[in-house]
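Here the structure comes first, spelled out in structure tokens, and everything after it is commentary.
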6 protein chains.
Amino acid sequence: MSEFTHLNEQGEAHMVDVGDKDITERSARATAIVKMQPTTLKMILDGSHKKGDVLATCRIAGIMAAKKCPDLIPLCHTLLLTSVKVELHPEPDNSGIRITSFCKLSGKTGVEMEALTAVSVAALTLYDMCKAVDKGMVISDVKLVEKSGGRSGHWQAEG
Amino acid sequence: MSEFTHLNEQGEAHMVDVGDKDITERSARATAIVKMQPTTLKMILDGSHKKGDVLATCRIAGIMAAKKCPDLIPLCHTLLLTSVKVELHPEPDNSGIRITSFCKLSGKTGVEMEALTAVSVAALTLYDMCKAVDKGMVISDVKLVEKSGGRSGHWQAEG
Amino acid sequence: MSEFTHLNEQGEAHMVDVGDKDITERSARATAIVKMQPTTLKMILDGSHKKGDVLATCRIAGIMAAKKCPDLIPLCHTLLLTSVKVELHPEPDNSGIRITSFCKLSGKTGVEMEALTAVSVAALTLYDMCKAVDKGMVISDVKLVEKSGGRSGHWQAEG
Amino acid sequence: MSEFTHLNEQGEAHMVDVGDKDITERSARATAIVKMQPTTLKMILDGSHKKGDVLATCRIAGIMAAKKCPDLIPLCHTLLLTSVKVELHPEPDNSGIRITSFCKLSGKTGVEMEALTAVSVAALTLYDMCKAVDKGMVISDVKLVEKSGGRSGHWQAEG
Amino acid sequence: MSEFTHLNEQGEAHMVDVGDKDITERSARATAIVKMQPTTLKMILDGSHKKGDVLATCRIAGIMAAKKCPDLIPLCHTLLLTSVKVELHPEPDNSGIRITSFCKLSGKTGVEMEALTAVSVAALTLYDMCKAVDKGMVISDVKLVEKSGGRSGHWQAEG
Amino acid sequence: MSEFTHLNEQGEAHMVDVGDKDITERSARATAIVKMQPTTLKMILDGSHKKGDVLATCRIAGIMAAKKCPDLIPLCHTLLLTSVKVELHPEPDNSGIRITSFCKLSGKTGVEMEALTAVSVAALTLYDMCKAVDKGMVISDVKLVEKSGGRSGHWQAEG
């Protein structure tokens, strides 16, 4: 089994040397769900004209957070994303809103962390905008769905 | 039922006016769990000397993220945290690591978003440090546990 | 006539000492106009459902920029805004979109720069979102409209 | 007529996919003017020894702002500027100071927003440094003058 | 002897709880020296008209860095500086430039780190601007000179 | 002798045009020493289990600061570091802790400033964590040890 790449032999954290990696097309898709009271979900979806800025604000926050990833995650490399998408879809059966992100770049490191950061911050923003009516909202299933490119190639979450 | 405080009557996002709120002691506690393969958990816990920087890096990332909250969450107010704690505890029965945060300030707005941001970024950092061995890790149950202070007073999550 | 407060006697820049200033309620209102081709304005306004994110993105960018003011303007003090609003209104007669901002705090320094930064960045964001169809857009009349609080009290732009 | 590139078919904001664009030399030149009272202009220009830091501070602020563009403008790509210049020239006939910027890179996206952000923040900094003597200063004519490189090639403002 | 305040009983880093501290006037003064070749120092000082931006750029960088302290030093509290000054003075006998900073606030934590960060970043900026002619420049004696306010009161460096 | 590259003919600061420079492998190594009371050094080293987070926090702060270099040093180019390492070693004979950093990238500009910023911020963080027991700590000998790549090729500090 592989070792933790972010630690040297003394167990000390360092930013992994990617100097010898190839520049390839890399992409990643992540997801999260924000669960809430049915009445909260209804409030967000009702009157799309009046409540429109809720979902737009989450999208913008998620996109901007993907760019801030190297500022947030200590050992992440700065990189040049070529594409970021964040989408929010209601899942009435789960009484929640599903958030998905997609990040892409042509570079030496993967964009998994950027995709995961985008959904996390979009979810936190959704919490922020609705917390006055529903403090018990829960963010769950923050996970990588799929990645491509790089040495480890294509990877897809099970199930 | 209360309205979404972050939207005006036209449904447009704005930063809520807290000018008339009282300056009170406020605190918030949040939690999250990062689930992983049992072998991944074992690798983190084994040889605490060698692997020590994994958990320390997550703590530092979480604390720094709490301070960056107004940069990440579009409508959050800048505020002066007086205390931030981030703790990570293994939960072998859940095959995961539980992250908790505690934030405090004396001010006009609550620190719920700071506490939630701290656990989220600590969890993302844990994912980052272990992703070479376990891409299927999942961050779940990101939620507010308890808050105190402010107009709405004490609140505690159910269950 | 008053001196430039941001320079010492040697003409060197410094951050003005506001330690002895009173904590008072302060507010500022600023404005700007983004002029464009009539067809560009029509595209933004047509189909409010489809184009809704244009104006929402500008609002969010303006609000976030107000919080980043001390990072952008070298001699600005960090401060705790209690309220930020950014509004965009079409002015078909001017073939443009008028942006206004309103910032408030209770503190030792005014919020003029925060209000001006908010309209400037909202205007730049509008340019960014429409530049593929109209590179000749012009941002004009970025100015303070009104301020209140502090030693100099209430001030209102002429005309 | 081209569509708004920053919106998808549902009208939702996203960061445009530039993955397939060519890496070419790109540059952009922008300008703005800060109009003020003749006595304010005289104070800035008089005694260049004593007042030297006013213009230097604006230049530095503009250059640093060009680098912060992806943090400010939500849908801008992070990019690697190879050159940034900011110049300030008095225009006594306009009772103002003309600011021009020039940005360059070798990359997949243009640098128009970086050039516009540089002049905007340099102008805001000038306002900040002189606001104690002249709150009525106005920033106008913030616009792109010229750009080169990329798919749309060379473009020059009319008039 | 006092314990390390930034570690809990398990030796884990946390942001110290200053909630119970008094709001008092606090200030700190720090210093550093940048040593260089005599010809480098001469180049900086010669022709103050032509080389003026060297020292101005260092001052601005130092002041802005003081404001970024909580972003840089993981366990520092965000705070509201009321005054920042950075000065650079040639010391021909030491073949160097002495940098001093002075920071002030009314708050619950001291500003020692802000003052030390200001001189450090001003010194790094000086290195950056002169490195093309003198890569062997050395930054030394970065230290706190004096502090006042807070529980520990006035403190002055020996010697 | 070469001129200051960061100033134009009028002595005004600008970001050097590196557009024509070659993309080469570049690296830099920097160092600093933090001197302290022998009892302070002993406290850091004693009980490595309990005090482990002190050195880990400094490493993380140094690595993150290397990434923030273009935000801190006004005329630095944004760049894509491929590797950052920060190490801390006690030097009991000097009653201090030696900090070294190593940065690498494949790009058009050197990484000297990134390496120097990493050791400076790691040293400031060490000061922060120990200042409650030893305010008289001094950071010295912040200097470039070695660099490679680029037009000026390999360079090594004397002595």
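Filter segment F:100-124 for residues that are among the charged types (D, E, K, R) and surrounded by fewer than 24 Cβ atoms within 10 Å (Cβ to Cβ) and give the result.
Matches in segment F:100-124: F:K108 only.
How many residues are within 10 Å of chain F (Cβ to nearest Cβ) and aliphatic (A, V, I, L, M) if we restrict to segment D:61-77?
4
Has segment A:109-118 got any residue that is charged (D, E, K, R) and touching a strand residue (DSSP E or B) at 6+ places or on another chain (Cβ under 8 Å)?
Yes, because at least one residue in segment A:109-118 is charged (D, E, K, R) and touching a strand residue (DSSP E or B) at 6+ places or on another chain (Cβ under 8 Å).
For segment B:1-21, how many residues are touching a residue at least 60 places away in the same chain (Cβ under 8 Å) and more than 12 Å from chain C (Cβ to nearest Cβ)?
0
Do we have any residue at all in segment D:41-52 that's surrounded by 21 or more Cβ atoms within 10 Å (Cβ to Cβ), within 14 Å of chain F (Cβ to nearest Cβ), free of Cβ contacts under 8 Å to residues at least 24 places away in the same chain and within 30 Å of C:A157 (Cα to Cα)?
Looking through segment D:41-52, at least one residue is surrounded by 21 or more Cβ atoms within 10 Å (Cβ to Cβ), within 14 Å of chain F (Cβ to nearest Cβ), free of Cβ contacts under 8 Å to residues at least 24 places away in the same chain and within 30 Å of C:A157 (Cα to Cα).
Can you tell me which residue is farthest from A:L72 (Cα to Cα) among those in segment A:131-146 that are touching a residue at least 24 places away in the same chain (Cβ under 8 Å) and of a type in the set (A, V, I, L, M, F, W, C)?
Filtering first and then ranking leaves A:V133.
Among the residues of segment C:41-67, count how many are at pLDDT below 95 and either in a loop (DSSP other than H, G, I, E, B) or not hydrophobic (A, V, I, L, M, F, W, C) (or both).
So the answer is 9.
Among what's in segment B:78-118 and is within 14 Å of chain E (Cβ to nearest Cβ) and without any contact (Cβ under 8 Å) to a residue 12 or more places away in the chain, pick the residue that is farthest from E:P74 (Cα to Cα).
Looking at residues that are within 14 Å of chain E (Cβ to nearest Cβ) and without any contact (Cβ under 8 Å) to a residue 12 or more places away in the chain, I get B:H89.
Return a yes/no flag: does segment F:72-80 have any residue that is surrounded by fewer than 22 Cβ atoms within 10 Å (Cβ to Cβ), modelled with pLDDT of 95 or more and within 15 Å of the chain's Cα centre (by Cα).
Among the residues of segment F:72-80, not one is surrounded by fewer than 22 Cβ atoms within 10 Å (Cβ to Cβ), modelled with pLDDT of 95 or more and within 15 Å of the chain's Cα centre (by Cα), which makes the answer no.
Hey, among the residues in segment F:131-149 that are in contact with an Asp or Glu (Cβ under 8 Å, 6 or more places away or on another chain) and more than 7 Å from chain E (Cβ to nearest Cβ), which one's surrounded by the fewest Cβ atoms within 10 Å (Cβ to Cβ)?
This residue is F:S148.
Quick check on this structure: which one of E:D20, E:D71 is closer than 22 Å to B:A115 by Cα and in a loop (DSSP other than H, G, I, E, B)?
Exactly one residue qualifies, and that residue is E:D20.
A:D128 is checked against (1) touching a residue at least 12 places away in the same chain (Cβ under 8 Å); (2) at the interface with chain B (Cβ under 8 Å from one of its Cβ atoms); (3) surrounded by 23 or more Cβ atoms within 10 Å (Cβ to Cβ) and fails just one. What number does that condition carry?
(1)
The values are calculated or read from the model by the stated rules, or taken from the named source; none is laboratory data. No experiment lies behind these values; they were computed from the predicted model shown. Heads up, the Cβs are rebuilt from the backbone with ideal geometry, glycines too, and the neighbour counts pull from every protein chain shown.
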